Amino acid sequence: MVFGRRKKLITRLLIVEDEPLIAFDNEYVLSDGGYEVVATVDRLALALEVLEGEAIDLVLADVNLADGSGIDLARHAHQRGVPVIFATGECPDGGRAFAHGCLAKPYRPADLIAAIAAVDGQMQGERPRRLPRGFSLFEQPAAA
């Protein structure tokens, strides 16, 4: 019998972050972790364009953006069946209905990778044994 890892559902990511250093670090960490970063944007309008034009498996989104709210982005992504993890200083109350989880800033690279893996597992019906530091996994939102 061969033991292996389960297949990832999440491979293609959209990063929505208005702090350039954090965005750059996330791109590097996620690419190094085997994910394809489809786009990294710093505005809500650009993120919505990417969601409309690309196949995205997960959105990693800051909540406070220059031209809008990450909650609005999460609502739109939820309607398209795309899971969202908020990566922010303070998890928003209004976003739980549209997101799969929230990772509190500052976070370690390993915690970012583990948070995405937890959401991937949740989507496959698994319960994580342990959550990464600073990560809250929400009940999976109902499909739109």
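Considering the Cα trace of the chain, what is its radius of gyration and what is Dmax, both in angstroms?
For the chain, the Cα-based Rg and Dmax read 14.1, 53 Å.
What does DSSP give for the chain in terms of the percent of beta bridges that are antiparallel, rounded to the nearest 5?
On the way: 5 of 21 bridges.
Given both bridge residues lie in the chain, the antiparallel proportion sits at roughly 25 percent.
In a solvent-free Debye calculation with one equal scatterer on each Cα, what is log10 I(q)/I(0) for the stretch 66-144 at q = 0.20, 0.24 Å⁻¹, listed in the order of the q values?
After summing over all Cα pairs, the log10 values are -0.85, -1.17.
Between Leu9 and Glu126, what length comes free when the chain is fully extended (0.36 nm per residue of separation minus the Cα-Cα distance, one decimal in nm)?
Full extension from Leu9 to Glu126 adds 40.9 nm.
Can you pull out the trypsin sites (Lys or Arg not before Pro) in the stretch 63-144 that DSSP calls coil and that have at most 12 other Cβ atoms within 10 Å?
Sites meeting the loop and neighbour criteria: Arg80, Arg129, Arg130.
Could you give the nm distance between label points at Gln79 and Asp67, where each point is 7 Å from its Cα heading toward the beta carbon?
It is 1.7 nm.
Using only the Cα atoms of the stretch 39-86, what semi-axes does the equivalent ellipsoid have when each is the square root of 5 times a gyration tensor eigenvalue? Give whole Å, largest first.
Square roots of five times the eigenvalues give 15, 12, 9 Å.
What's the center-to-center distance, using Cα atoms, between the stretch 69-110 and the stretch 35-49 in Å?
14
By how many nm would the segment from Asp18 to Ala45 lengthen if fully extended, with 0.36 nm per residue of separation less the alpha-carbon distance?
Numbers: separation 27, 0.36 × 27 = 9.72 nm, distance 1.26 nm.
Full extension from Asp18 to Ala45 adds 8.5 nm.
For Leu58, what residues show an amide H to amide H distance below 5 Å, using hydrogens built from the backbone and excluding near sequence neighbours?
Arg12, Leu14
Using only DSSP helix segments of four residues or longer, with each worth -39500 (n - 2.57), what per-residue ellipticity at 222 nm results for the chain after dividing by its residue count and rounding to 500? If you can, show how the numbers build up before the last one.
Details: 4 runs with 48 residues, N = 144.
Helices in the chain give a 222 nm mean residue ellipticity of -10500 deg cm²/dmol.
Every read-out reported here was derived from the displayed coordinates using simple, explicitly stated rules and does not represent laboratory data. The structure displayed is predicted, hence computed values, not measured ones. Glycine also receives a Cβ, built like all others from the backbone with ideal geometry; neighbour counts cover every protein chain displayed.
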